[in-house]
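Input: a single structure, listed below in structure tokens.
The values are calculated or read from the model by the stated rules, or taken from the named source; none is laboratory data. Predicted model only: the values in this text are computed from it and were never measured. For neighbour counting, all protein chains shown are included, and Cβ atoms are generated from backbone atoms with ideal geometry for every residue, glycine included. With ligands, DNA and RNA removed, areas are computed over all heavy atoms of the protein, side chains included. Shrake-Rupley method; radii C 1.70, N 1.55, O 1.52, S 1.80 Å.
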Amino acid sequence: MLAWADAVETVALRRLSGPELARLSSERNLGFSADELARLQRYYRRERREPTDVELAGLAQSWSEHCSYKSSRPFLRRAFRGVRDDPRVLGTGDAGVMRFPGRGAYALRIESHNHPSAVEPYGGAATGIGGILRDVLAVGAAPIALADPLFFGPLDLPADRTPAGVRSPRFLASGIVAGIRDYGNRVGVPTVAGSLSFDPAFVVNPLVNVGCVGWLARGRPLPNRAHAAGDRLVLAGGRTGRDGIGGVAFASRELDAESGESSRGAVQLGNPILKEPLIRASLEAYDQDLVRGVKDLGGGGLATASGELVHAAGLGSTIDLDRVPLRDRSLRPWEVWVSESQERMLFDVRPRDLDALLAIFRRRDVEATPIGAVVRGPYESVAWKGAPAARLRLDFRIEPKERTLRPRNRRPSLRRSPSPPDDNLGRTVEELLLAPDSTSRESVVRLYDHEVMGRTVVKPLHGRVESPSHGDAAVVRPRPDRPEGLAITTAAHPWACRDDPYGGAVVVVEEAARNLYAVGATPDAVSDCLNLGSPENPEVVSDLDLVTRGLGGAAKALGFAVPSGNVSLYNGGLGQEIPPTPVLLATGIVPDLRHAVTSDLKAPGDDLVLLGRSRPELGGSLWARRRELRGLAVPPGDPAGLRRLGERLLGAMRRGEVVAAHDISDGGLGVTLAEMAFGGGCGFDVDLRAVGLGGPALAAVAEGGSRIVVEVPPGKRTAFARSMRGSPCKALGPVTDLREGRLRWGEELRAHLELPDLYRRWRSGPGLS
């Protein structure tokens with residue numbers, strides 16, 4: 001019989017009834033299901049002893065939905081098998097790692113920090129950035145770019161329509177943007193991509209998704225597993241405090257009216273000033289081959305990181321928990337074990353390399369402490385002041401039983417889209433252009449330092465200094481001695497996914513690909529963050545099944561690898577769940593940065609050309625959303641056709657036949673043309689009959705299928721037509737030197753847009769400040 005440490009509590013569990021077990025789980029905030037409690041009871045009966053509070057706390061972290069993906073893993077395996085087993089993929093650990101032309105590789109990952117940001121917007125968003133930086137660092141990569149797709153309720157939501165216990169969307173949005181700004185800017189990593197979206201569905205539960213791209217100069221990732229018995233485990237970075245305790249349990253249930261107060265302690269406290277030297281010291285240790293395996297400490301803290309690190313190698317561990325450096329010496333052993341205090345990394349180090357590694361961290365003024373060792377498996381043994389605190393089989397602790405959830409898929413009953421009225425076309429285009437989902441993001445983009453590091457070649461804003469406009473992707477230069485660039489973008493469409501989860505997921509992947517094609521990049525990889533409601537709801541399970549199948553199929557057709565991703569469930573509360581919202585961080589390869597293309601119009605007299613086949617369906621479109629029209633048919637996808645079109649377009653770009661490109665998305669063709677004109681200080685004269693839809697209004701506001709507007713110089717007309725042979729390609733009209741937009745239907749002028757006045761109003765943004 002083990003003699004447990006005095007500070008460790010033994011919890012009577014073996015003889016409890018079902019209701020008593022449930023009460024125990026609730027009182028200790030463990031989050032176990034009835035089946036899991038029964039499994040625990042069987043294990044400890046076989047062991048002929050009771051669990052300790054340290055063991056139960058560690059099990060609760062590893063078995064949580066947030067850490068284990070026990071509900072989503074079967075769906076992910078089925079949908080993404082073919083796009084993870086790709087020869088370009090070098091690693092699929094804490095972040096995906098992809099080959100890059102020449103020597104080198106890059107890492108990418110996107111994840112969510114939704115629940116913490118709903119409770120503590122500034123801190124939740126800031127630590128979301130901190131966590132995604134560590135994910136990339138944990139595969140041996142230096143972070144070089146950040147992205148932040150964000151989803152809020154309407155900023156003008158009246159106070160009397162905000163549910164009790166819920167912060168106003170304006171308060172949440174301001175705090176979240178400030179948290180991302182301050183952390184990213186202070187740690188010195190540029191934020192180059194992202195999005196802002198507004199919908200009543202995100203009032204209770206905003207979505208804060210954060211992505212990171214990193215560079216591996218040596219071209220091979222570090223493993224997220226231990227190497228050999230006898231290696232030392234070293235904890236480096238910040239001290240451990242009481243913040244973040246219970247964070248994964250909080251993220252594995254829906255929000256309620258009390259979450260703002262009861263769960264505030266589950267939100268971590270970030271320290272970007274410490275993160276920067278932690279990154280530098282870690283990279284120096286990597287370069288000197290002093291680290292054999294690494295995990296970052298995120299959800300579940302030391303319990304999750306140490307367990308996953310050694311279990312991945314079929315090994316075990318011994319941990320001296322009292323050696324963990326503390327900010328708060330009143331912490332109990334179980335709290336030290338599961339605290340999610342930020343800015344911490346766990347390294348597997350050879351004994352002979354230990355002194356050299358510790359010296360690097362001392363020189364950077366970052367704490368690094370040996371806290372244990374790798375041993376032969378299958379047990380982990382945790383001690384507190386020399387006495388045992390936990391001893392568990394790692395296969396039992398790290399591998400919860402997957403849930404068997406059966407989707408009830410039904411074909412969505414979607415209505416035919418109505419025809420937008422053709423009168424007042426100019427007012428319709430203006431309304432869409434000035435909607436919160438369309439207006440300029442400059443006021444937010446300028447808060448983020450997108451120039452730091454000096455790698456950003458194509459900026460988040462395209463066009464003239466005096467009139468910047470929206471682009472489709474940023475392009476960074478990973479290596480200064482090479483001509484290749486890496487394009488980075490994000491994509492999401494919760495409205496299409498709400499009406500048609502499978503079709504909407506295809507729309508999202510196609511948008512990511514179009515964004516990359518539009519800057520001259522070949523689609524290479526996506527990391528997906530799947531934001532959905534509670535898996536206890538059969539409809540949400542169906543959404544998960546359909547969304548993953550749509551993403552996996554479209555990614556394969558478009559040539560994307562999917563080396564990493566994240567699942568965020570239980571988004572919602574107070575009777576409101578979010579729509580299924582898959583968000584993509586997508587990357588593409590630009591073979592020669594000299595051929596990268598931006599969205600701003602370049603010269604009067606050039607031709608505007610529409611690429612792709614237009615579709616009349618308006619499901620999920622901005623026009624339909626503004627009119628609260630749901631259940632409309634979503635434009636069907638054609639990823640294989642888009643890939644053929646994109647490859648031809650890239651060839652034309654390399655030959656100098658295209659000088660500007662912008663994909664058609666929110667707001668349709670009218671918004672796309674205006675944004676291109678804003679950036680270039682030009683105008684346009686377009687015949688909407690070329691679109692091939694029923695009337696001028698539908699031609700101006702429809703967003704499907706996958707289409708791109710390009711600008712072609714007169715001298716390149718013939719060559720461009722030859723390049724695009726076999727793909728839909730329609731001449732729209734000329735770029736003009738007048739600051740006006742003219743939308744015609746044949747000879748009849750249907751809309752005259754005063755671009756300078758529209759730009760002034762559009763540039764004011766969504767009113768976030």
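Structure values in brief
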quantity: Dipole magnitude of region 504-548, debye to nearest 20 (Cβ charges: Lys/Arg +1, Asp/Glu -1, about Cα centre); calculated: 220
quantity: Tail weight of P(r) past 22 Å, computed on alpha-carbon pairs of region 522-615, percent; calculated: 52
quantity: Amide proton proximity set for residue 485, modelled H, under 5 Å, gap of 5+; calculated: 590, 592, 593
quantity: Highest average packing first - 208-220, 503-515, Cβ atoms within 10 Å; calculated: 503-515, 208-220
quantity: FRET E, pair residue 217, residue 171, Förster distance 35 Å, beta-carbon r, rounded to 0.05; calculated: 0.25
quantity: When region 700-749 is reduced to its Cα atoms, the Kirkwood hydrodynamic radius in Å; calculated: 13.4
quantity: Helix axis angle, 73-84 relative to the chain longest principal axis, alpha carbon, degrees; calculated: 60
quantity: More than 24 Å apart - percent of Cα-Cα pairs taken over region 48-166; calculated: 51
quantity: Region 1-85 - convex hull of alpha carbons, volume per residue in Å³; calculated: 134
quantity: Folded to 0 to 90 degrees: helix 169-187 orientation relative to the chain principal axis, Cα; calculated: 70
quantity: Whole-Å semi-axes of region 409-535's equivalent ellipsoid (Cα gyration tensor); calculated: 31, 23, 14
quantity: Estimated FRET transfer efficiency when R0 is 56 angstrom, pair residue 752-residue 49 (beta carbons, to 0.05); calculated: 0.10
quantity: Pairwise centroid distance, computed over Cα atoms, of region 720-754 with region 435-460, Å; calculated: 28
quantity: Solvent-accessible area, 1.4 Å probe, carbon plus sulfur percent, for the chain; calculated: 47
quantity: Electrostatic dipole magnitude of the chain [Cβ: Lys, Arg +1; Asp, Glu -1; Cα centre; debye, to 20]; calculated: 1980
quantity: Student exercise, region 59-171 dipole from Lys, Arg, Asp, Glu Cβ charges, in Debye to nearest 20; calculated: 500
quantity: Degrees separating the helix 53-62 axis from the principal Cα axis of the chain, which is the longest one; calculated: 20
quantity: Value of [θ]222 nm, deg cm²/dmol, for the chain, DSSP H segments ≥ 4, -39500 (n - 2.57) each, nearest 500; calculated: -10000 deg cm²/dmol
quantity: Distance from region 480-527 to region 321-384 (C-alpha centre basis), Å; calculated: 39
quantity: Over the chain: Rg over Rh, Cα atoms, Kirkwood Rh; calculated: 0.99
quantity: Protection proxy ranking, peptides 465-474, 541-550, 487-496, average beta carbon neighbours within 10 Å, highest first; calculated: 487-496, 541-550, 465-474
quantity: Residue 352 versus residue 419: modelled label distance in nm, points set 7 Å from Cα along the beta carbon direction; calculated: 8.1
quantity: Cα-derived Rg over Rh, computed across region 76-235 with Rh taken as Kirkwood radius; calculated: 1.07
quantity: Neighbourhood charge, 13 Å Cβ-Cβ cut-off, centred on residue 139 and excluding it, Lys, Arg +1 and Asp, Glu -1; calculated: +3
quantity: Per residue accessible area in Å² of the chain, where ligands, DNA and RNA are left out and the probe is 1.4 Å; calculated: 36
